[in-house]
Amino acid sequence: MSLKAIHILFILASTLLCFGFAAWAYQAYLNEEASRDLNLGMAITSGVLGVALLVYGRYFLKKLRDVSYL
Amino acid sequence: MDIPYTVQPRRDTGLYNAKLGIWLFLASEVMLFGALFSSYIMLRVGADIGEWPQRLLNVPIGTVNTLVLITSSVTVVLGWAALKQNNFARYRLYQTITILCAFGFVGIKSYEYYDKFTHYQVITNDGKVFDGHLIKRDKELVVLSGFEIDASKGKAHGVMEASGHGPNHKPHKEIEIKTSDIKKIGNYGPAHNTYTAIYFTLTGLHGLHVIGGALVIGYILWPGAGMWKTDPERYTNRVEVSGLFWHFVDLVWIFLFPVLYLL
């Protein structure tokens, strides 16, 4: 497995983490009285970052189209 | 004598030597971290209700560190891609950013460790439990910035309140305790409880991997860069192998962060 393949795997895992963390932070924003603004900020930032990683993943696949997965 | 398969893949494995070697090494690393993750699960499942601390760690700081590592993985792979396009200057730029990210990660982690080593729990002779950051400690007096915790719901519940990161965050106040009144005092180092023990073991081992990875990337980038002129394909393969290790280290953190900080 080449660096290209493991990078795609890593970006997928990171994207899942971003969306999962966004959901966690949003839930904390709804349920907790302390640090509400911070939790909402983290939820929005993490969601945006998840989308950005998906866009980057597409860019990366195009850029390294000619490189093998092995 | 030339060593075979440093550039071209072997027919039987389909891989060049270094790539086969790093994957064998990473397989052993998966077993190492897998065993520690299993230990974490066993310790957590076996903990009494209310005794396993949650939200003891600072989530925003952990989030920043996660972003730093994700950035470093992107730069390490873009550096490799730049070498494939024969752009050494751009490769050097990306790898320098990777190393800076590694330093950033270790620096932030050190701050978190410092925070835990200055965070104390004090049990007095009359059974009261105080929790907070140490301001002063001498022969007569201990001064903490924190508050008395209600340990009746389980010690971990009170700790979550005192840490200042949990849902029941309260403002801290200065507490003075006479040394003669103290039954037990200790910081949140590895010996504090099973949670801090597994936390320091997992993150400490991971931190050593980050430092090791940064050293290897730095060696290839600076003292070992002469190979780019004599054998560029082999040099590119070295960069790929170091990138594979770096991705493994980052992938471990992608699992560590939610397990230790969020759950």
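The values are calculated or read from the model by the stated rules, or taken from the named source; none is laboratory data. Please read all numbers here as calculations on a predicted model, not as lab measurements. Because the Cβ atoms are built from the backbone with ideal geometry, glycine has one as well, and the counts that use them run over all protein chains shown. These area figures cover heavy atoms from the full protein model, side chains too; ligands, DNA and RNA do not enter into them. Shrake-Rupley method; radii C 1.70, N 1.55, O 1.52, S 1.80 Å.
Within a 10 angstrom radius of each residue's Cβ in A:40-48, how many Cβ atoms of other chains show up on average? Whole number is fine.
Taking all residues of A:40-48 together, the mean is 1.
Hey, what angle do you get for helix B:88-117 against the long axis of chain B, alpha-carbon based, 0 to 90 degrees rounded to 10?
Between helix and principal axis, roughly 20 degrees.
Please list the non-local residues whose amide H lies under 5 Å from the amide H of B:Tyr120, H modeled 1.01 Å from N, same-chain partners needing a gap of 5 or more.
Here the answer is B:Gly132, B:His133, B:Leu134, since their amide H atoms fall under 5 Å of that of B:Tyr120.
Of the cross-linked pairs A:Lys63/B:Lys19; A:Lys4/B:Lys109; A:Lys4/B:Lys116, which ones have a Cα-Cα span greater than 32 Å in the structure shown?
The answer is A:Lys4/B:Lys116.
How would you order B:186-198, B:67-79 from highest to lowest mean count of nearby Cβ atoms within 10 Å?
B:67-79, B:186-198
Once the piece of chain linking B:Ala35 and B:Gln8 is laid out straight, how much longer is it, given 0.36 nm per residue of separation minus the C-alpha distance between them? Each step should come with its number before you reach the end.
Values: separation 27, 0.36 × 27 = 9.72 nm, distance 3.50 nm.
Stretched fully, the B:Ala35-B:Gln8 segment lengthens by 6.2 nm.
Under a GNM of chain B (C-alpha, springs under 10 Å), which listed residue has the highest mean-square fluctuation: B:Gln85, B:Gln121, B:Gln95?
B:Gln85
Over all residues in A:6-13, what is the mean tally of Cβ atoms on other chains that come within 10 Å of each residue's Cβ?
6
Once you charge only the Cβ atoms, +1 for Lys and Arg and -1 for Asp and Glu, what is the size of the charge dipole of segment B:55-130 about its Cα centre, to the nearest 20 debye?
Dipole of segment B:55-130, to the nearest 20 debye: 320 debye.
Can you pull the mean other chain C-beta count within 10 Å for peptide B:240-247?
That average works out to 3.
With every protein chain left in place and a probe of 1.4 Å, what is the accessible surface of A:Val55, to the nearest 10 Å²?
Roughly 90 Å² of A:Val55 is accessible to a 1.4 Å probe.
Quick one: in the protein assembly as shown, what % of C-alpha pairs are over 33 Å apart?
Distances greater than 33 Å cover 37 percent of the Cα pairs.
What is the distance in Å between the Cα centroid of segment B:8-38 and that of segment B:203-230?
A separation of 18 Å, based on Cα centres.
Rounded to whole Hz and in sequence order, give me ³J(HN,Hα) for segment B:214-225 from the Karplus expression 6.51 cos²θ - 1.76 cosθ + 1.60, θ = phi - 60°, writing x for Gly and Pro.
The phi angles translate into 5, 5, 5, 4, x, 5, 5, 6, 10, x, x, 6 Hz.
Taking θ as phi - 60°, what are the ³J(HN,Hα) couplings along segment B:201-209 by the Karplus curve (6.51, -1.76, 1.60), each to the nearest whole Hz, with x for Gly and Pro?
With coefficients 6.51, -1.76 and 1.60, one gets 5, 5, 6, x, 5, 5, x, 5, 5 Hz.
Restricting attention to segment B:31-64, which chymotrypsin sites (Phe, Trp or Tyr not before Pro) occupy a DSSP loop and are surrounded by at most 12 other Cβ atoms within 10 Å?
none
Once the Cα atoms of helix A:36-63 and of chain A are each reduced to a long axis, what angle between those two axes, in degrees from 0 to 90 to the nearest 10, is obtained?
Once rounded, one gets 10 degrees.
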